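Chemist: One structure coming up, written as structure tokens, with questions to follow.
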Amino acid sequence: MTNKPIAPRGRLFFANPGPTNIPDSILLATAHATIDSNDPRFVPVYEECVAGLKSILRTTGHVFFYTGSGHSAWEASLVNLFSPGDRLLVVETGHFSEDWSQMATDLGLQVTTVAADWRRGCDPDAVRAALEADHAHEIRAVCAVHNETSTGMTLPVERIRAAMDAARHPALLLADTISSLGSIDFRMDDWRIDVAVGGSQKGLMMPTGLGFTGVSARALEAHGRARLPRHYFDWSRMLKRPMRSFVGTAPTPMFYGMKESLRLIGEEGLDAVFARHARLARAVRAAVRQWSGNSGPQLFCLDPARLSDSVTAVLMPEGHDAERLRAATLGRFNVSLGGGLARLAGRVFRIGHLGDLNEPMVLGTLASVEMAMKLEGIPHAPGGVDAAMAELVASA
Ligand SMILES: *Cc1c(COP(=O)(O)O)cnc(C)c1O
């Protein structure tokens, strides 16, 4: 079946797991006239954003910002902490742990991977064993992706921290919270995370283009010894600037947007935000579990305790192309789904359920996927939307 471009009527249902839907009030807030970042009218806006972001990261550490997507915050975390040839231990979770590893390798670091099945994620004991084997304490840091957006798995980062403690290893802990912050419980200080890596366009419901890192006192100390070349991302350079961040011009409109994002999250309450994400995630999973009958698509993540509350990756039945299904939902129903990344291309599609989202938005997406499966002749058991509604009614 061909999917002719549709007349763009009705709302684009955006169900990618990042970027995410931007609430109108945030869109409007970012439409702010140019202002000097030292202007006394802007400074309090910035300070409010820094304080609010720290409370969401649950840290008293320092926050640095970068004009860039999440990748900029990844790069900043590496160039500010390490020296050429330093060893890192990366916990394999999926495409994003591989990508972060590749970046570290390209920057001249030595990466050892704690290998794991992408459908289950690693056993923290394997992290402990890898650290215990490092008698000389050459490993400088453990890098872990809290929520692996390519597979729909949440890694229990607190158990990675416990494994590091059990091994009595002094490595720093770097955690990517790009697709968990503001959607899934994340506790930088409680879990003694040294650098938390975040971005604006997922749980914070903002436009893409603002990266940030929460940084512990221990990480700032390690920064003092780090010799990788850096300039735009250099924390020392930033600390000398009035905003204690940004080497270049600060993107002031983003902070008007962030102020509104933090207001929305505060108004709903962080715990209620997490509960909403968990409820909507259960509805999506109920639909997928129903569809999996008749040799239909299945949840990619096989560990029920690690299923992500911000994104669900769905594995297509053998011989059926996820890209054809995505083209059908977009072309016929104006519903945008996430595709499979790296080795999962064509095999997986992803439903993002994070950010500014409610029940009818989720049900609309699920109904469109179910219709597209019927139209494309993809095997499945019908009734996924009913299963999702039942789940939502049960937890209303
Ligand atoms: C989206 C994402 C990234 C990359 O962020 P960009 O903003 O696309 O650069 C990194 N890690 C995870 C877990 C993500 O979900």
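What follows is calculated from the coordinates using simple rules that are stated; it is not laboratory data. Here the structure is a predicted model, which means the values were calculated and not measured. Neighbour counts are summed over all protein chains in view; Cβ atoms, including those assigned to glycine, are modelled from backbone coordinates with ideal geometry.
Chemist: Determine whether segment 63-85 contains at least one residue that is part of a loop (DSSP other than H, G, I, E, B), closer than 25 Å to residue 263 by Cα and within 16 Å of the ligand (Cβ to nearest atom).
Modeler: Restricting attention to segment 63-85, the residues satisfying the condition of being part of a loop (DSSP other than H, G, I, E, B) are 68-69, 80-85.
Those left that are additionally closer than 25 Å to residue 263 by Cα: 68-69.
Now narrow it down to the ones that are within 16 Å of the ligand (Cβ to nearest atom): 68-69.
The answer is yes, given that some residue of segment 63-85 is part of a loop (DSSP other than H, G, I, E, B), closer than 25 Å to residue 263 by Cα and within 16 Å of the ligand (Cβ to nearest atom).
Chemist: Output the residue which, of all residues in segment 315-324 that are of a type in the set (A, V, I, L, M) and free of Cβ contacts under 8 Å to residues at least 60 places away in the same chain, is surrounded by the fewest Cβ atoms within 10 Å (Cβ to Cβ).
Modeler: 315
Chemist: Out of the residues in segment 89-110 that are within 16 Å of the ligand (Cβ to nearest atom) and part of a strand (DSSP E or B), which is surrounded by the fewest Cβ atoms within 10 Å (Cβ to Cβ)?
Modeler: Per the criteria, the residue is 90.
Chemist: Which of the numbered conditions does residue 364 fail, given that it passes all the others? Conditions: (1) farther than 18 Å from residue 314 by Cα; (2) out of contact with any helix residue (DSSP H, G or I) (no Cβ under 8 Å at 6 or more places or on another chain); (3) part of a helix (DSSP H, G or I).
Modeler: (1)
Chemist: Counting just the residues of segment 111-161 that are within 24 Å of residue 339 (Cα to Cα) and aliphatic (A, V, I, L, M), which one comes out nearest to the ligand (Cβ to nearest atom)?
Modeler: Just the residues of segment 111-161 that are within 24 Å of residue 339 (Cα to Cα), to begin with: 115-122, 144-155.
Then keep just the ones that are aliphatic (A, V, I, L, M); that gives 115-116, 144-145, 153, 155.
Working: 115: 18, 116: 15, 144: 10, 145: 5, 153: 11, 155: 10 Å.
Among residues in segment 111-161 that are within 24 Å of residue 339 (Cα to Cα) and aliphatic (A, V, I, L, M), the one nearest to the ligand (Cβ to nearest atom) is 145.
Chemist: Can you work out which of the residues in segment 165-203 that are closer than 23 Å to residue 18 by Cα and of a type in the set (Lys, Arg) is farthest from the ligand (Cβ to nearest atom)?
Modeler: 187
Chemist: On to the next question. State yes or no: is residue 214 crowded, with 21+ Cβ neighbours inside 10 Å, within 14 Å of the ligand (Cβ to nearest atom) and part of a strand (DSSP E or B)? So that I can check it myself, show each step before the final result.
Modeler: Numbers: crowded, with 21+ Cβ neighbours inside 10 Å: yes; within 14 Å of the ligand (Cβ to nearest atom): no; part of a strand (DSSP E or B): yes.
When the stated conditions are applied, residue 214 does not pass them.
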